[in-house]
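The values are calculated or read from the model by the stated rules, or taken from the named source; none is laboratory data. Just so you know, these numbers come straight off a predicted model, no measurement behind them. Cβ sites come from the backbone with ideal geometry, for glycine too, and all protein chains shown count toward neighbours. The protein model used for the area step is the full one, side chains on, heavy atoms only, and it has no ligands, DNA or RNA in it. Shrake-Rupley method; radii C 1.70, N 1.55, O 1.52, S 1.80 Å.
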Amino acid sequence: MNDTSYASPFSWRYARPALREIFSERERRKLWRAVWIALAEAQQRAGLVSAAEVADLRAHRDEIDLDAALAIEREIGHDLMAEIRVFARQATVGGGKIHLGATSMDIEDNVETFRMRLALARILEALDELLLAFAARIERHADLVCMGYTHLQPAEPTTLGYRLAVYAQDLLIDRAMLHAAREQLTAKGIRGAVGTSASYTRLLDGTGHSPQEQEDEVLAHFDLQARDVATQTYPRKLDYLLLSTLAGMGASLSKFAFDVRILASPGFGDIAEPFGAKQVGSSAMPFKRNPVMAERIDSLARLLPGYADAAWQNAATNLLERTLDDSANRRTILPEALLCSDEILTLAKKIVEGLRVDERRIAENLRTYGPFAGTEAILMEAAKRGGDRQELHEVIRESAMHAYDALAAGETNPLARLLADDERIGRWVDPAEVRERLDPTSHVGDAPERARRLAKRIRDTVPKQ
């Protein structure tokens, strides 16, 4: 981190160092040089470059001099040409053959595709680790009954494992979509100024080597493939595909984190993110245990649809064979979307693995709000035995409203007593049965089995670590 000028938080604060290194300027220029060398090697086989020239380029491939390149760029206004000049000055034997027949995007676009695919592979590994952490939690809490909420109001019971399975299922969808997006990430290839390979066709004429053979040889060094057609660039639609898919994963993680924040608040208290022994929650209020990791996920995830929107604009306005109005923002949106995704995955894994579950508060919330969930079962049973469904609905509604008033006054939920003592209910359902049906712990259906099934699906899908 340079403390004398602005540095993006993604260059030092967020994402793992290994991913930040992929998108470092030094690494980018090393990869540029790797493409130039691969191109020179292919052209050596065609008899256009000598072995000595290729060897000279290889010998100087790691001598990145950012200061020298930036000084030249300030003068000529072209970063890739500046790097060519630095490389050529270092490689005095082979420097004259650097970039032979190429256009800038033959180098830059292939490097960007390589870096995105490499970073996405690391992100998919992190997502798999998170899914396995979810699977362990789901299995552990598959039977732990807790209150479910709709409209942020108490609804019917669920289990904590089933709730966690909801988040994990979303992430399984994201995983499939990210794998599909990575398969679509193809390179431009080595095709010159407007993608027609005109310069290479002329250059290779009479050598017995075709532009396609040259391209295949270069891309093989980076395990890349190209589509049949390109312009000066690869389709900018691919950037949008990747970034919109990352934004979709961000939505899944944002919902998870927001729910953690809600359930960690004193009114719920069911769960909380891990909190370190020396962690400081507030500079002013020493007692605070703020859900800072979940809040950071929600904060960073908001960036992802913005990156995707910029990529949409780039795809929609990449006019004719190419315009340059995508270049400046792609330097930001591509690395930052991937680094942002890596950070929120890392945070989510920490939360899931260190999740604090307060079973006492869960049981307390069930006792307080759970009886309401059983009223539908009583309504159905009484109507089935001959009662008037509409009249019974009103009887139960009146008792439920009295019970809510009692809770607001700080009393224990009296709903079971109110309904058990009401003759209009007792005519059809025995008071003991009323109390039994209002027990929330027996009203979770097949949630535990479904939760375990989802955990098994994760383990069947994700490669063993």
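For this structure, a couple of remarks:
- Region 287-328 - charge dipole about Cα centre, Lys and Arg +1 at Cβ, Asp and Glu -1, debye rounded to 20: 420 debye
- Were the residues from residue 212 through residue 441 laid out at 0.36 nm apart, the gain over their Cα-Cα distance would be 75.7 nm.
- Qualifying GluC sites (Glu not before Pro) in region 356-465, where qualification requires a DSSP coil assignment and no more than 11 other C-beta atoms within 10 Å, comprise 411.
- DSSP-loop trypsin sites (Lys or Arg not before Pro) across region 152-241, with at most 14 other Cβ within 10 angstrom: 227
- Ordering 76, 254, 187 by Cα displacement along the dipole of the chain toward the positive end leaves 76 in first place; charges were set at the Cβ atoms of Lys, Arg (+1) and Asp, Glu (-1).
- Lysine pairs meeting the criterion (Cα under 29 Å, 8 or more apart or interchain), as found in region 159-298: 5
- With protein chains left intact and a 1.4 Å probe, residues in region 1-131 average 43 Å² of accessible area per residue.
- Computed E for residue 50/residue 198 - FRET, C-beta separation, R0 25 angstrom, nearest 0.05: 0.50
- Apolar share of the accessible surface for the chain: 51 percent from carbon plus sulfur atoms, 1.4 Å probe.
- Partner lysines whose Cα lies under 25 Å from the Cα of residue 464, excluding those fewer than 8 positions away in the same chain, are identified as 349, 350, 456.
- Look at the dipole of the chain built from charges on Cβ: of 5, 265, 101, the Cα furthest out on the positive end belongs to 5.
- Cα centroid of region 406-443 to Cα centroid of region 115-137, whole Å: 47 Å
- 5 angstrom amide H check on residue 149, placed H, neighbours 5+ away: 155
- Rounded to the nearest 20 debye, dipole of the chain from Cβ charges on Lys, Arg, Asp, Glu: 620 debye
- Dipole axis of the chain (+1 Lys, Arg; -1 Asp, Glu on Cβ), positive-most option in 127, 233, 412: 127
- Qualifying trypsin sites (Lys or Arg not before Pro) in region 365-436, DSSP loop, other Cβ atoms within 10 Å at most 14: 385, 427
- The magnitude of the dipole of region 247-390, with charges of +1 and -1 set on the Cβ of Lys/Arg and Asp/Glu and taken from the Cα centre, is near 460 debye.
- Nearest-0.05 FRET efficiency for residue 136 and residue 67, computed from C-beta distance (R0 60 Å): 0.75
- Accessible area per residue for region 342-465 is 57 Å², calculated with a 1.4 Å probe on protein heavy atoms, without ligands, DNA or RNA.
- Alpha-carbon centroid distance for the pair region 30-82 / region 193-220, whole angstrom: 19 Å
- Measuring r between the beta carbons of residue 26 and residue 290 and using R0 = 41 Å, the FRET efficiency lands at 0.65.
- Rounded Å value of the spacing that divides the Cα centres of region 147-176 and region 91-111: 53 Å
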